[in-house]
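Shown next, in structure tokens, is the structure this report addresses.
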Amino acid sequence: MTTPETGILPQHLLGIEGLTRDQISLFLDHAERYASFGARDAAFGRPLDGRTVINLFFENSTRTRTSFELAAKRLGADVINMEVGASSISKGETLIDTAVTLNAMHPEALVIRHADSGAVALLAQKVNCAVVNAGDGAHEHPTQALLDALTIRLRKGRLEGLTVAICGDVAHSRVARSNIHLLTTMGATVRAVGPRSLVPSGVRAMGAEIFHDMREGLRDVDIVMMLRVQTERMQGNFFPSAREYFRFFGLDREKLALARPDALIMHPGPMNRGVEIDSDVADDFERSVIRMQVEMGVAVRMAVLELLSNRTGREVVK
Ligand code: NCD
């Protein structure tokens, strides 16, 4: 498979904010080619053969880390998963020293997840390999937005002109932020739906409309994207109880009936069943594309790793 011209891409993928339609389309088009192959297809070639990808995860992750690992391996790269707990960080080494040390091993890419917004961008300034943000605090999670967009595009044939409701804990969600940037850039209409305590008014400036009544927010939408209630990021109580939350903001058949009859259900995972989503709708394989999102994650990460590895003219960090 040939690699497209990558000159328009940035050195790193730190977020969706600031990317153009052409840059987003380049990632999606290349990922779609990977998605159309079987997992063991020889047509992949091994474009990263002999190169190294390092996964540096400071926060727990199941699907994102394994998905990056699988993507890099399918491209032929050697993959190192840094266990932060067992690394020199636990001996007091700073974040920056760790990144500089790893950079000296000349990896092709560093994939980083960190609990603090902005930490990944800080590290990117200290290395000369490509850096991919695998989620930084409540800021951005660009590959999640790309895999969501690829899933929507494959099922609906387009992004432009669709109405997408992003529902629930928008305030703590990097997934919501990256998706709002991506979908509005690509010409979709985005609604942020949730309780007042969990939908910051700042999302309006990002181009989203705000709804505090889920029934109104879901009316006639093409896509219902549910978010996990991220209690680990909450200090104090943002809603009275899980039962109360489900009653007003959990996705069930009755609320889903207000969306378009062909509306798709999405969730980035991990799901809290019975809190933000009812099992009955999560497992409805006509409408729910939650498994497809996971599958598209591998294709998107293959595309991102390959395209960023092929960037030439990288600045050398002094
Ligand atoms: C998301 C994350 O980590 O931001 N999960 C994921 O990457 N699949 C969403 C979440 O944790 O709720």
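Does at least one position in region 204-215 carry a residue that is within 30 Å of residue 305 (Cβ to Cβ), modelled with pLDDT of 95 or more and touching a strand residue (DSSP E or B) at 6+ places or on another chain (Cβ under 8 Å)? Yes, region 204-215 has at least one match. Just a yes or no: is a residue in region 94-105 farther than 22 Å from residue 29 by Cβ, out of contact with any helix residue (DSSP H, G or I) (no Cβ under 6 Å at 6 or more places or on another chain) and either within 16 Å of the ligand (Cβ to nearest atom) or modelled with pLDDT of 95 or more (or both)? No; the residues of region 94-105 include none that is farther than 22 Å from residue 29 by Cβ, out of contact with any helix residue (DSSP H, G or I) (no Cβ under 6 Å at 6 or more places or on another chain) and either within 16 Å of the ligand (Cβ to nearest atom) or modelled with pLDDT of 95 or more (or both).
Filtering region 128-151 to residues that are crowded, with 24+ Cβ neighbours inside 10 Å and more than 16 Å from the ligand (Cβ to nearest atom) leaves 129, 130, 131.
Of all residues in region 166-189, those that are more than 13 Å from residue 210 (Cβ to Cβ) and within 10 Å of the ligand (Cβ to nearest atom) have Cβ atoms under 7 Å from Cβ atoms of residues that are open to solvent by 20 Å² or more (accessible area, probe 1.4 Å) and modelled with pLDDT under 95, 6 or more apart or on another chain, in 172/233; 172/234.
Being of a type in the set (A, V, I, L, M) and either over 16 Å from residue 155 (Cβ atoms) or open to solvent by 50 Å² or more (accessible area, probe 1.4 Å) (or both) is the filter here, so list the residues in region 298-314 that pass it.
Matches in region 298-314: 298, 302, 303, 304, 305, 307, 308.
Yes or no: region 136-146 includes at least one residue that is without any contact (Cβ under 8 Å) to a residue 40 or more places away in the chain, under 18 Å from residue 309 (Cα atoms) and not basic (Lys, Arg). For region 136-146, residues without any contact (Cβ under 8 Å) to a residue 40 or more places away in the chain, under 18 Å from residue 309 (Cα atoms) and not basic (Lys, Arg): absent.
What do you reckon, is residue 280 in a loop (DSSP other than H, G, I, E, B) and either within 13 Å of the ligand (Cβ to nearest atom) or at pLDDT 95 or above (or both)? Please lay out each step first, then the result.
Values: in a loop (DSSP other than H, G, I, E, B): no; either within 13 Å of the ligand (Cβ to nearest atom) or at pLDDT 95 or above (or both): yes.
For residue 280, the condition - in a loop (DSSP other than H, G, I, E, B) and either within 13 Å of the ligand (Cβ to nearest atom) or at pLDDT 95 or above (or both) - is not met.
Would you confirm whether any residue within region 259-272 is within 12 Å of residue 226 (Cβ to Cβ), open to solvent by 40 Å² or more (accessible area, probe 1.4 Å) and either among the acidic types (Asp, Glu) or in a helix (DSSP H, G or I) (or both)? So far as region 259-272 goes, no, none of its residues is within 12 Å of residue 226 (Cβ to Cβ), open to solvent by 40 Å² or more (accessible area, probe 1.4 Å) and either among the acidic types (Asp, Glu) or in a helix (DSSP H, G or I) (or both).
What do you reckon, is residue 61 open to solvent by less than 60 Å² (accessible area, probe 1.4 Å), within 16 Å of the ligand (Cβ to nearest atom) and at pLDDT below 95? Show your work before the answer.
Working: open to solvent by less than 60 Å² (accessible area, probe 1.4 Å): yes; within 16 Å of the ligand (Cβ to nearest atom): yes; at pLDDT below 95: yes.
For residue 61, the condition - open to solvent by less than 60 Å² (accessible area, probe 1.4 Å), within 16 Å of the ligand (Cβ to nearest atom) and at pLDDT below 95 - is met.
Filter region 252-277 down to the residues that are within 13 Å of the ligand (Cβ to nearest atom), under 21 Å from residue 144 (Cα atoms) and of a type in the set (A, V, I, L, M) and list them by number.
The initial filter retains those residues of region 252-277 that are within 13 Å of the ligand (Cβ to nearest atom), namely 266-272, 275-277.
So of that shortlist, the ones also under 21 Å from residue 144 (Cα atoms) come out as 266-272, 276-277.
Matches in region 252-277: 266, 271, 277.
For residue 113, indicate whether it is open to solvent by 10 Å² or more (accessible area, probe 1.4 Å), within 12 Å of the ligand (Cβ to nearest atom) and either basic (Lys, Arg) or in a strand (DSSP E or B) (or both). When the stated conditions are applied, residue 113 passes them. The test for being at pLDDT 95 or above, within 14 Å of the ligand (Cβ to nearest atom) and open to solvent by 70 Å² or more (accessible area, probe 1.4 Å) holds for residue 295.
Residue-by-condition table, conditions (1) touching a Lys or Arg at 6+ places or on another chain (Cβ under 9 Å); (2) not acidic (Asp, Glu):
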site: 19; (1), (2): no, yes
site: 24; (1), (2): no, yes
site: 30; (1), (2): no, yes
site: 35; (1), (2): no, yes
site: 49; (1), (2): no, no
site: 58; (1), (2): yes, yes
site: 63; (1), (2): no, yes
site: 66; (1), (2): no, yes
site: 71; (1), (2): yes, yes
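For region 216-236, the set of residues classified as without any contact (Cβ under 8 Å) to a residue 24 or more places away in the chain, acidic (Asp, Glu) and more than 16 Å from the ligand (Cβ to nearest atom) consists of 216 only. Close contacts from region 52-75, counting a first residue that is more than 20 Å from residue 293 (Cβ to Cβ) and a second that is open to solvent by less than 60 Å² (accessible area, probe 1.4 Å) and among the basic types (Lys, Arg), with Cβ to Cβ under 7 Å and a gap of 6+ residues or different chains, come to 58/113. Determine, yes or no, whether residue 157 is out of contact with any Leu (no Cβ under 7 Å at 6 or more places or on another chain), open to solvent by less than 50 Å² (accessible area, probe 1.4 Å), free of Cβ contacts under 8 Å to residues at least 40 places away in the same chain and not aromatic (Phe, Trp, Tyr). No, not satisfied. Here 207, 217 are screened, and the one residue that is at positive phi and small (Gly, Ala, Ser) is 207. Among the criteria (1) within 16 Å of the ligand (Cβ to nearest atom); (2) modelled with pLDDT under 95, the one residue 37 does not fulfil is (1).
The values are calculated or read from the model by the stated rules, or taken from the named source; none is laboratory data. These numbers come from a predicted model, not from an experiment. Virtual Cβ from ideal backbone geometry, glycine too; neighbours counted across all protein chains shown. Remember, those area values only see protein heavy atoms, side chains included, never the ligands or the DNA or RNA. Shrake-Rupley method; radii C 1.70, N 1.55, O 1.52, S 1.80 Å.
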